[in-house]
Structures are given as structure tokens and as C-alpha cells.
Amino acid sequence: MRFIQVGVGGFGRVWAETLANNSDAEVVGIVDISKETMLGVCEKYGYSTDICFDTLEEALEKVPADVVVSSTPPAFHRHDVVTALKAGLHAISEKPMADNLENCFAMLAAAKETGKTYMVSQNYRYNPVTWTMAEIIRSGKLGKIGQVKMDFYKGVDFGGGFRHEMDYPVIIDMSIHHFDLIRFITGLDALSVKASSWNPSWSNYKGDCSSTAHFKMSDDVNLLYNASWCAKGDYCGWNGNWQIECENGTLLMEKDKIQIIWTKGLYAIDHVEDITPVDPPMFNQAYVLDEFIRSINAGTQPVTCVADNIKSVGMVFATVEAMATGNEVAIVQG
């Protein structure tokens with residue numbers, strides 16, 4: 001399958017390596033605003049410099065391809081994805097899908113109109129800890145979910161840049177991972193959200209960098225999400241800390257260590273079981289790419305296709321609106 005990658009600097013380096021390491025992927029074009037960056041990718045992976053282009057349009061005109069991978073900033077995803085789809089190619093983009101809901105719906109409409117596949121890379125699903133948590137819940141042995149709490153707290157200094165200028169940096173830039181994990185692990189969709197935010201005195205972010213959100217989920221489940229990028233003194237892992245309370249006990253994950261707390265009767269603890277994480281078939285972007293290729297070859301849609309992922313990114317924009325207005329906000333369902 002022939003790929004054009006748009007954006008090979010920054011996080012795009014991860015996708016450049018992922019594509020180079022997949023025997024079913026042939027890179028036929030790379031696009032970036034930096035010629036130096038493109039030349040560096042060509043040197044590293046043995047590509048001809050003839051596959052370097054200044055724009056996606058030029059690449060599409062010069063080389064036959066099947067897929068465009070957009071690892072540019074979110075504000076450019078709409079251009080890359082819609083251009084690819086309307087040219088008859090499939091597309092993959094990094095998360096979040098776009099910088100606003102209007103652009104997300106434009107990409108969804110383009111995928112429907114063209115019949116081509118657009119997949120959003122949600123790589124946090126494909127690591128041992130989150131994969132194992134989803135498998136435990138999916139097994140049904142803990143029974144019906146009743147309520148969920150997820151906490152994410154880190155002190156992260158990017159040394160300036162766009163994140164430090166955002167109104168709600170942790171929600172807009174980071175929480176898409178957690179909101180998608182909420183749907184992946186619990187198997188539930190978010191219906192509405194109430195939320196508030198604030199900024200501690202020591203924060204070096206312009207916008208509110210601490211927050212709390214209360215989601216009403218499907219199946220009558222309530223979920224509390226607390227997030228901060230300016231925490232002090234103690235940090236969790238990037239997957240966050242989880243407490244998923246079910247009929248038969250609680251799935252607890254703290255700093256990537258998983259336990260099941262089995263209950264006896266109404267409230268009493270019966271015993272605690274330590275869980276060893278199980279590896280997914282592949283990790284992170286490697287799994288995303290492999291699933292995408294398998295889906296295209298089988299004529300099916302990948303799990304995180306645009307029609308599904310809009311429910312995850314919709315949680316982001318609804319949370320921002322709830323924080324800005326103080327109102328409970330409904331979450332788009334596609």
C-alpha cells in the first residue's frame with residue numbers, strides 16, 4: 001500500500017518510523033514545510049529525495065498513492081484529510097481529529113461522500129495497561145459498571161509554545177487520549193457533561209490548567225474526570241489513574257499497576273487480585289497502521305474510524321463549552 005506522509009518533523013518522526021518498519025507500507029511521498037527535515041528523513045530511511053514535496057497537492061499530482069497520513073498540527077488535518085479523500089485516497093490522521101467540531105464534521109462528511117476510509121490514530125488504546133483493562137471489563141466478570149473515577153495529574157512544562165497559550169490546555173491537547181480510553185475501556189459513550197476549570201497561582205499556563213468534569217454515560221453510568229497539567233509533588237502515569245466500580249468489585253489502576261478488588265456482599269472486600277498486564281498484538285502507532293491496512297484489505301472500517309472517533313473528540317469540545325458557559329452540554333453522537 002502506497003503512502004504519502006504530510007508532516008515529518010516533531011511527532012511526525014514517530015509516523016515516519018512506523019511506516020518505514022511496516023513491510024506492507026511503501027512511502028512514495030513526504031510533505032513538509034522544512035526541506036531540511038525531509039532530507040533528514042530520506043537519509044535515515046534510504047528514500048530518494050525525489051519523493052519530497054512542498055505541498056500535498058504537488059505530491060498527489062506527481063506520485064500515485066493509496067493513503068495520506070497527516071501528522072501535522074490539528075488545525076491542518078481538515079485540509080490534509082479532505083484533500084486526500086476527494087482525490088480518491090484513504091487517510092489517517094493523528095489525534096485530535098481537528099481543532100474544532102466544524103472541521104471534524106467536514107471530514108466526516110467527506111468520508112461519507114467519497115466512500116473512502118478515514119482513521120484517527122488513538123494509540124493509547126494499544127499499550128499493555130489499557131489493553132488489559134479493556135479486556136477485563138469486556139469479559140463481564142466484574143458485572144455491570146456503576147460509577148467511574150479517572151484522575152490525571154502531572155506537572156508538565158513545555159517551555160512555552162502553543163500549549164501555554166491555550167484557554168484549556170490539558171483538555172484540548174491531552175484529554176482526547178483519556179476520553180477515547182474512557183470509551184474503549186468501559187464500552188460506554190458519553191451523553192452529556194458538566195465541567196469547571198481553574199488555574200493555580202503557580203501555573204505557567206495562560207489558560208486554566210486544572211479541571212474537573214462530570215460525564216453522564218450510556219447505561220446510566222456516571223463518570224468523574226479530574227485533570228491537571230500543573231500538579232505539584234506527585235504525578236500519575238500518562239494513562240491516568242482509574243477506579244471503575246462494578247457489581248462484583250472494582251478495577252483499580254494506579255500508576256500503571258492494575259488490581260481487582262473483589263467485594264463480598266454489599267460493601268465488604270473479599271480479596272485483592274494483582275493483575276499482570278497482557279501485551280496487545282502490536283503497540284501504539286504500529287497497531288493503528290496494521291489495523292488500518294487489514295481493514296482496507298478486508299473492506300471493513302477500522303475501530304477508530306471518523307464515524308466512531310467523533311464521539312471521543314466530541315467529548316473534548318463539549319467539555320470546553322461546559323467550562324466556558326457553566327452549563328451542562330450534550331455530546332455529539334455522530
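Every residue in the range 295-327 that is outside any helix (DSSP H, G or I) and either surrounded by 14 or more Cβ atoms within 10 Å (Cβ to Cβ) or of a type in the set (S, T, N, Q) (or both), please.
So in the range 295-327, the residues outside any helix (DSSP H, G or I) come out as 299-305, 326-327.
THR300, GLN301, PRO302, VAL303, THR304, CYS305, ASN327, listed by residue number.
Let's see how each residue does on (1) in contact with a helix residue (DSSP H, G or I) (Cβ under 7 Å, 6 or more places away or on another chain); (2) without any contact (Cβ under 8 Å) to a residue 60 or more places away in the chain; (3) of a type in the set (Val, Ile, Thr); (4) part of a strand (DSSP E or B):
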position: PRO200; (1), (2), (3), (4): no, yes, no, no
position: LEU223; (1), (2), (3), (4): yes, no, no, yes
position: LEU266; (1), (2), (3), (4): no, yes, no, no
position: VAL278; (1), (2), (3), (4): yes, no, yes, no
position: ILE293; (1), (2), (3), (4): no, no, yes, no
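Every residue in the range 163-175 that is of a type in the set (A, V, I, L, M), in a helix (DSSP H, G or I) and either surrounded by fewer than 23 Cβ atoms within 10 Å (Cβ to Cβ) or not assigned by TED's automatic domain parsing to the domain that holds PHE317 (or both), please. Those that are of a type in the set (A, V, I, L, M), in a helix (DSSP H, G or I) and either surrounded by fewer than 23 Cβ atoms within 10 Å (Cβ to Cβ) or not assigned by TED's automatic domain parsing to the domain that holds PHE317 (or both): ILE172, MET174.
Consider PRO73 carefully, then state whether it is closer than 23 Å to PRO302 by Cβ, modelled with pLDDT under 95, surrounded by fewer than 17 Cβ atoms within 10 Å (Cβ to Cβ) and not basic (Lys, Arg). Break it down into steps so the answer makes sense when it comes.
Working: closer than 23 Å to PRO302 by Cβ: yes; modelled with pLDDT under 95: yes; surrounded by fewer than 17 Cβ atoms within 10 Å (Cβ to Cβ): yes; not basic (Lys, Arg): yes.
Criteria met by PRO73.
Scanning the range 313-334 for residues that are hydroxyl-bearing (Ser, Thr, Tyr) and touching a Ser or Thr at 6+ places or on another chain (Cβ under 8 Å) yields a total of 1.
Taking GLU94 as the residue in question, decide whether it is in the same structural domain as HIS79 (by TED's automatic domain parsing), at pLDDT 95 or above and in contact with a Ser or Thr (Cβ under 6 Å, 6 or more places away or on another chain).
Working: in the same structural domain as HIS79 (by TED's automatic domain parsing): yes; at pLDDT 95 or above: yes; in contact with a Ser or Thr (Cβ under 6 Å, 6 or more places away or on another chain): yes.
Against the criterion (in the same structural domain as HIS79 (by TED's automatic domain parsing), at pLDDT 95 or above and in contact with a Ser or Thr (Cβ under 6 Å, 6 or more places away or on another chain)), GLU94 qualifies.
From the set of residues in the range 90-102 that are without any contact (Cβ under 8 Å) to a residue 40 or more places away in the chain and buried (at least 21 other Cβ atoms within 10 Å of the Cβ), which is farthest from ALA25 (Cα to Cα)? First the steps, then the outcome.
Here is the first cut: in the range 90-102, the ones without any contact (Cβ under 8 Å) to a residue 40 or more places away in the chain are 91, 93, 99, 102.
Okay, now just the ones that are also buried (at least 21 other Cβ atoms within 10 Å of the Cβ), so 91, 93.
Numbers: ALA91: 13, SER93: 16 Å.
Checked the range 90-102; the qualifying residue farthest from ALA25 (Cα to Cα) is SER93.
Within the range 224-240, restricting attention to residues that are within 17 Å of VAL320 (Cβ to Cβ) and not small (Gly, Ala, Ser), which residue is surrounded by the fewest Cβ atoms within 10 Å (Cβ to Cβ)? Residue satisfying both the conditions and the ranking: ASN226.
Out of all the residues in the range 178-196, is one or more at pLDDT below 95 and out of contact with any strand residue (DSSP E or B) (no Cβ under 8 Å at 6 or more places or on another chain)? Give the steps one after another, and end with the answer.
Restricting attention to the range 178-196, the residues satisfying the condition of being at pLDDT below 95 are none.
No; the residues of the range 178-196 include none that is at pLDDT below 95 and out of contact with any strand residue (DSSP E or B) (no Cβ under 8 Å at 6 or more places or on another chain).
Of the residues making up the range 239-264, those that are over 30 Å from ARG13 (Cβ atoms) and assigned to a loop (DSSP other than H, G, I, E, B) number 2.
Considering the range 280-291, the residues that are among the hydrophobic types (A, V, I, L, M, F, W, C) and either at pLDDT below 95 or not in a helix (DSSP H, G or I) (or both) include one that is farthest from LEU252 (Cα to Cα), namely MET282. In the set (1) in contact with a Phe, Trp or Tyr (Cβ under 6 Å, 6 or more places away or on another chain); (2) outside any strand (DSSP E or B); (3) of a type outside the set (Gly, Ala, Ser), the condition left unmet by LYS232 is number (1).
On the basis of being at pLDDT below 95 and either surrounded by 13 or more Cβ atoms within 10 Å (Cβ to Cβ) or in the same structural domain as PHE179 (by TED's automatic domain parsing) (or both), does PHE11 make the cut?
yes
Exactly one residue among THR263, THR300, THR304 is out of contact with any Cys (no Cβ under 7 Å at 6 or more places or on another chain), assigned by TED's automatic domain parsing to the domain that holds PHE184 and either β-branched (Val, Ile, Thr) or more than 25 Å from LYS116 (Cβ to Cβ) (or both), and that residue is THR263.
The values are calculated or read from the model by the stated rules, or taken from the named source; none is laboratory data. Keep in mind it's a predicted model, so treat the numbers as computed, not measured. Every residue, glycine as well, gets a Cβ built from its backbone with ideal geometry; the counts of neighbours run over all protein chains shown.
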